[in-house]
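Throughout, read-outs are computed from the coordinates displayed, never taken from laboratory work. None of the values given here were measured: they were computed from a predicted structure. Because the Cβ atoms are built from the backbone with ideal geometry, glycine has one as well, and the counts that use them run over all protein chains shown.
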Amino acid sequence: MDLLKVENLSKSFGALWAVNSVSFSVAEGEIVGLIGPNGSGKSTVFHLITGLLRANKGKISYQGKDITRFKPYQVSRSGIARTFQIVRPFPEMTTLKNVMVGRAFGSSSARSMHDTEDDARRLLDLTGLADKVSATAGHLGLVYRKKLELARALATKPRLLLLDEVMAGLNPTEMMETVEFLKGLRNTGVTMIVVEHVIKALFSMTDRVVVLNAGEKIAEGTPHEISRNEEVIKVYLGDYEHA
Amino acid sequence: MQSRRFTLVMAAVAFILFSFVSAVALAQEAPKSIKIGASISLTGRFAAGGIDVADGYKLAVKHINDKGGILVKQFNKKIPVELVIYDDESDPSKTVTRLEKLNAEKVVAYLGEFASDMNIAGLGIAEKNKIPWVGVTIAVENVFNQGFKYIFGPNMFSFMEVAAFLDALDKIPENQRPKKIANFELQVDWGKECTKYLHEYAKKKGYTIALERKFAPDTKDFSSMIMAAKSAGCDAVFAVPTPPQSMTLIKQMKELDYAPKATCFVRGPDLSNFWQVMGKDANYIMTSGEWTPDMPYPGNKQLVADYRKQYPNKLMGMPVGNGYSAFQVLADAISRAEKLDRESIRQALTTTSIVTVKGKVTFDKRGVGNVPHALAQWQNGKLVVIVSPDYKTAPVLVATPWSKRK
Amino acid sequence: MEFAQYITYGVINGSLYALVAIGLALIMGIMGIFNIAQGSLAMIAAYGSVLFFQHMKIDPFVSLALTLPGMFLVGVFMYLTMFMSMNKFDPGQKLRNSMLVSFGLVLIMETLATILWTANERTVTTAYSGTVMALGDLRIPYTGIATIILAIVVIFGLHFFLKHTTFGKSIWAVSQDHDCAMLMGINVKRTTLVAFGLGIALSAFAGAVVSLHTVSPAVGIDWTNKALILIVLAGVGSINGILFAGLLLGIVEALGVYLVGVHYTGVVGLLIFIIVLMLRPQGLFVRKAGV
Amino acid sequence: MVERKKGLVLAAAVIVALALVPFFTVREYVFSILCMLFLYVTLSQSWNILGGYTGQINVGQAAFFGMGALVARLLWVAGVPFYLSILAGGLGSVILAIIIGLPALKLRGHYFAIGTLAVATIAQITVGNILPGISFLPAQQMATYSLIPRYYVFLIIMAAALAVIYFTVNSRVGLGMEATRDDEEAAQMVGVNTFKYKMIAFLISSFFAGLAGGGFAYFNASYYWYLPFTLMWCFEPILIVFIGGVGSFLGPVIGSVCYVLLKELFALTLGEANLLIFGIVFILTILFFPKGVIGLPAKLRQLFYRRGNVVGR
């Protein structure tokens, strides 16, 4: 059964269609990549799924339930978490508290503050932030903030995780670690949609890839198929020519 | 519970003992000074009047101390006055703590201050601390209907201002006398009281109140009121606006070509700089005449001369004279009390009868002052008294239309 | 006829509100600095007008030649010492910190004015104050006409300046995209400094008109209140809108007198404001979606 | 955890010590200053839970303070027992907060600030128009007026406010509030119903502001009805919180001590210039010590020891 199903999703800003009639679905346990040139609507799709933006047309269902009109916190509580492309930890709060927020709210919250704190510490250990527990999030370096945002998202106990360029700015070793980490995560039963510019890393872990261009879906398939798809190659080459 | 009651009782006993001992000690030895306290707005919104009042107090204290102080019969000698003034920053909450501080410093009496917000906060403290309180500008009669015993207001009240205004109208020759009054009521208790008395007295004297309009302390545009008064044919206007409002009112009356024969704004035109800022547009405007530098009462000349010597660059405002007069009333009561305790001074205040720089002051049972009700009018750059029960005054000038003024 | 007279005063008052608000609008719209000391700055400028008139008999509209550069320098000083350091913050924090700092400025300016000039009310009474242009029964004071003209000239002038002059365009560019403007070779530092100084200098216009009404150290916050209403009515970033918002508020207040009496004028204006705030938080004269 | 327990014990000890003050002094000046101190702690702490912890800058606190004072005073003078009157005052403020909060908390940033300021201004003008007079205590209450029960009322209100706010901000609710303040969208993304937590903060804030107003109504023998509605009550809690340290629990307490005691000292010694100096100190605080007095030690440590060690954003 599909965990998430997106049908004819459309969103316009004024005269511009940022997302135009996009449909795809994600099965339980999959890792789906979402790629496309800058401005192709990837982040907008995430915003629409998570309820930060409201779609003009189309339908989003999650576990068979229509969540198109859900508010962001309702989306989160039904088990969908995300990270932001430009990371947004809670800057004035400590690392620990950041993760505690996720643990205290999200889809299943811990029973007491005590448990919340314990769970949060465990997650910080897991994501390699153990020595930053009492640091103020706004003062952390970029790599740590990325890790923190991931930890916070995981703290909500998601069944579906939307990752928006978690690997940008990482060095190859860190990237490898992240890929392994996410693969391990999938084995614990978390489904993922991953937006990533680093195609190689993305292809190494995804089951399927959806390609967007100018708000429209132009291709879908396994990484292998996508890497041979002529239209995708053209779009990407065009993008390079522009830049 | 037992032990707590025990502590309480012990504390009470200790306190009584302490008071007793100190009372005995006091009885034996004359204090070095008579401490009088005031909390005054020396900064903030009401600082202008506050500083004037404080200057009046200080000058009065200086005059008394120059003569050795106040004669207190209990000790059979003159004791100098020590006046303690604290700034309340035009904040009524601060007034409360400042007055409590003065209480802790064992002042025998409080003197009032300029702005009513602070005065209202302060007089409750005086009453509960049982410390006599002599005000300067507490013109709301209602305050004195609460059964308070320690509050005294040696100043003109709402009903006196109204009476003085109508007396001024009476003094205008019959054929020119205004008949229809427009009442602009400021939405504060003082304005309400003025309205009440205006109705009462106007009826008695045969004037009609042809128009009534309310306005708030933050009102800045009076055009609708002025036009209504104009079209109702009112030839006299009475109001107790705030000082900036009285300036705006006059400017707008000129713009709308409304020149009633008599215009009385109780506040604002009494400011010493009023002519300076309004120029000849201030001509014919009537205002409270509670105190002016020209009043012929004893001591006034010396007050004016000394003030001018001390502050050669300052204009002398009405609050200076009022402050001076209030202190005269208190000093007189202290010397008649013959003792330096608060209760005796309160007793003495109730039987006050003294001629101060603004005339004779007595109090009724409530503490409401009976002072000469006087009205003044701006006549060619000078604030001239036009109504006074005590002496012959200048004639009342009837305002000419704006177009006929030079 | 009486009705027309009310409206006339409403228009005059509204023009003055707009004059007070325009500097605030410029600084807030262009730089994201929330300067609630704007009314107090107008108060300081008004004292300037009063003093020039009192001591040298210089008309407030003439002494603008002196108060304008004076306030500009005050603005430059304020920016360099206090507001420049806020550029490193994100917009929300910048807004909040500038609000708090300017609140401290209100305290300082009020106290300073009391110490320097006493708390006595002042006003400028010129030869022409109180004189009117009569159109039938309708009487329009010359000071009012001057206020309206000044408001129109200043606000449309500012709009023209920002949209059609090179320097104005560079101010606009900096406000739209800080980094992009830098890449385009605009001296961002100097541009923001001058823009801020300009915003503060605009308070001199308001000060000149305020001096014809009444001035005392405490009036600043009253005028700021009106200016804030206008900012929300017009929408942040709208320059021309300020004039229309001012006129709207002035006229609504004049109508309020009709409906509920003079003593509720302030409430009527604020209620309209709250309704607009709820229904159209982006302002009446801004097209883009909410902030 | 141990440290937190220690802190709680210490706080309780301080409250008990304060409760014992009337047994050691009878000087009313001390009481009146302490009453003001407790009032400002309550008022600023009530502002802090909304402004500091939840990030909603409310510039209209006077409306809630005034509402509490108005309701409590009206009922009390009419003969209702005081403790019921003051609770009614607190509830009155809460009702006002619900009416205002439902639409206003949807506004962001400066719109919320300006909107609440407008509400406070409307309240002030309206109360001034409807009740232009003075509120006096009835004569017999005036005759038996004593500061000691007032002192305890203020102490209890303060202790209650501190306790409730302490346990709120250290709970799950507190996490929701802080997340809302730091980044509303991100908070929603992890399941925080930000509107709900803003509303909870607003209600707690207005309730204690209302209680503080009730204390004011009980404390003052006579005042103009509009007085607790004046805009001063909007600005003072903000000043206090930012001086002490915004969004920290002890900030408002320290800020109030500075504001009430230091300012008293300034006023008594510096005279006319005291507000000038206060204004300058305030601006310097905002510019250089954004965390207020409470952040001072950390700031100094950061300046002297860890200069090279702080990781930039």
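Across all directions, the average flat footprint of the convex hull enclosing the Cα atoms of chain B is 22.2 nm². Would region B:134-205 count as rounded, prolate or oblate if I go by the C-alpha gyration tensor, calling it rounded below 1.5 in a/c and otherwise prolate when a/b exceeds b/c, oblate otherwise? Verdict is prolate for region B:134-205.
Applying the criteria of a DSSP loop state and at most 12 other Cβ atoms within 10 Å to the chymotrypsin sites (Phe, Trp or Tyr not before Pro) of region B:341-391 yields B:TYR391. Sorting D:36-42, D:276-282, B:198-204 by average packing, meaning the other beta carbons within 10 Å per residue, from highest down gives D:36-42, D:276-282, B:198-204. The angle separating the long axis of helix C:64-78 from the principal Cα axis of greatest extent in chain C is about 40 degrees. Note on region B:66-81 and region B:209-282: Cα centroid distance 48 Å, given to the nearest whole angstrom. In a fully extended conformation the segment linking A:ILE233 and A:GLU177 would gain 17.3 nm over its present Cα-Cα distance, using 0.36 nm per residue.
Amide H contacts of B:GLU82 (H built 1.01 Å from N, in plane; Pro and chain starts excluded): B:ILE34, B:LYS35, B:ILE36 sit under 5 Å, all sequence-distant by 5 or more or on other chains. Geometric descriptor of region D:2-312, per residue, is 164 Å³ (volume of the convex hull of the Cα atoms). Exposed loop sites here mean trypsin sites (Lys or Arg not before Pro) with a DSSP loop assignment and at most 14 other beta-carbon atoms within 10 Å; chain A contains its longest site-free run at A:112-243. Comparing B:ASN119, B:ASN370, B:ASN129 in a Gaussian network model of chain B, where Cα atoms under 10 Å apart are tied by springs, the biggest mean-square fluctuation is seen for B:ASN129. Here region C:25-88 and region B:348-406 have alpha carbon centers that stand 43 Å from each other.
Using only the C-alpha atoms, the convex hull of region C:2-279 corresponds to 132 Å³ per residue. Shape analysis of the protein assembly as shown based on the Cα gyration tensor places the equivalent ellipsoid semi-axes at 63, 39, 24 Å, largest first. Fully extending the segment from B:ALA30 to B:LYS404, taken as 0.36 nm per residue of separation minus the present Cα-Cα distance, adds 128.0 nm. Between D:ALA12 and A:GLU225, the simple spin-label model (points 7 angstrom out along Cα→Cβ) gives 6.8 nm. In this structure the amide hydrogen of D:SER135, modeled in the peptide plane, comes within under 5 Å of the amide hydrogens of D:TYR223, D:TYR224, D:TRP225, none closer than 5 places in sequence on its chain.
Scalar couplings 3J(HN,Hα) for region B:162-172, obtained by applying the Karplus form with A = 6.51, B = -1.76, C = 1.60 to θ = phi - 60°, are 5, 4, 5, 4, 5, 4, 4, 4, 4, 6, 6 Hz; x denotes Gly and Pro. Counted over region D:93-149 with a bin width of 10 Å, the fraction of Cα pairs per bin, in whole percents, is 18, 30, 23, 20, 8.
Among complete DSSP H helices in chain D, those whose alpha-carbon atoms stretch at least 20 Å along the helix's long axis and whose mean Kyte-Doolittle hydropathy reaches 0.0 are D:2-20, D:28-51, D:61-77, D:82-104, D:109-130, D:147-169, D:194-219, D:274-288. Each Lys and Arg Cβ is given +1 and each Asp and Glu Cβ -1; about its Cα centre, region C:2-279 then shows a dipole of about 560 debye. Take each residue of peptide A:86-93, count the partner chain Cβ atoms within 10 Å of its Cβ, and average: the result is 5. Averaging the Cα positions of each part gives two centres, and for region D:1-58 and region A:149-187 these lie 46 Å apart. Per-residue 3J(HN,Hα) values for region B:224-236, derived from phi via the Karplus relation 6.51 cos²θ - 1.76 cosθ + 1.60 with θ = phi - 60°, read 5, 5, 5, 5, 5, 5, 5, 6, 7, x, 6, 10, 8 Hz in sequence order (x marks Gly and Pro). Axis angle, to the nearest 10 degrees, between helix A:230-242 and the longest C-alpha principal axis of chain A: 80 degrees. If I model region B:226-366 as equal point scatterers sitting on the Cα atoms and use the Debye formula, what is log10 I(q)/I(0) at q = 0.11, 0.18, 0.19 Å⁻¹? Taking Cα atoms of region B:226-366 as identical point scatterers yields -0.58, -1.01, -1.06.
Extension gain for B:LYS301-B:THR362 works out to 19.7 nm (0.36 nm per residue, less the C-alpha to C-alpha distance). For chain B, the longest principal axis of the alpha carbon atoms and the long axis of helix B:300-310 meet at an angle near 80°. Note on chain A: GNM, Cα springs under 10 Å; of A:LEU170, A:LEU124, A:LEU162, the largest mean-square fluctuation is that of A:LEU170.
Computed over region C:71-115, the percent of Cα pairs more than 13 Å apart is 62. Each residue of region B:244-259 is assigned a 3J(HN,Hα), and the resulting list reads x, 5, 5, 5, 4, 4, 5, 4, 6, 4, 5, 4, 8, 6, 10, 10 Hz, derived from the Karplus form 6.51 cos²θ - 1.76 cosθ + 1.60 (θ = phi - 60°), x at Gly and Pro. Principal axis extents of the Cα atoms in region C:117-216, from largest to smallest and rounded to whole angstrom, are 58, 40, 17. The mean number of partner chain beta-carbon atoms within 10 angstrom of a residue's beta-carbon across peptide C:214-222 is 4. Solvent-free Debye calculation, one equal scatterer per alpha-carbon of region A:89-158: log10 I(q)/I(0) at 0.17, 0.27 Å⁻¹ equals -0.48, -1.19. In this structure, the pairs whose alpha-carbon distance is over 28 Å, taken from A:LYS71/A:LYS97; A:LYS65/A:LYS200; C:LYS189/D:LYS106; A:LYS11/C:LYS94, are A:LYS65/A:LYS200; C:LYS189/D:LYS106; A:LYS11/C:LYS94. Quarter the surface of the alpha carbon convex hull of chain A and you get the mean projected area, 13.4 square nanometres. Shape class for region B:150-286: rounded, because the ratio a/c of the largest to smallest gyration tensor axis (alpha-carbon atoms, square roots of eigenvalues) is under 1.5.
Here chain B is assigned +1 on the Cβ of each Lys and Arg and -1 on the Cβ of each Asp and Glu. Its dipole about the Cα centre then comes out at about 480 debye.
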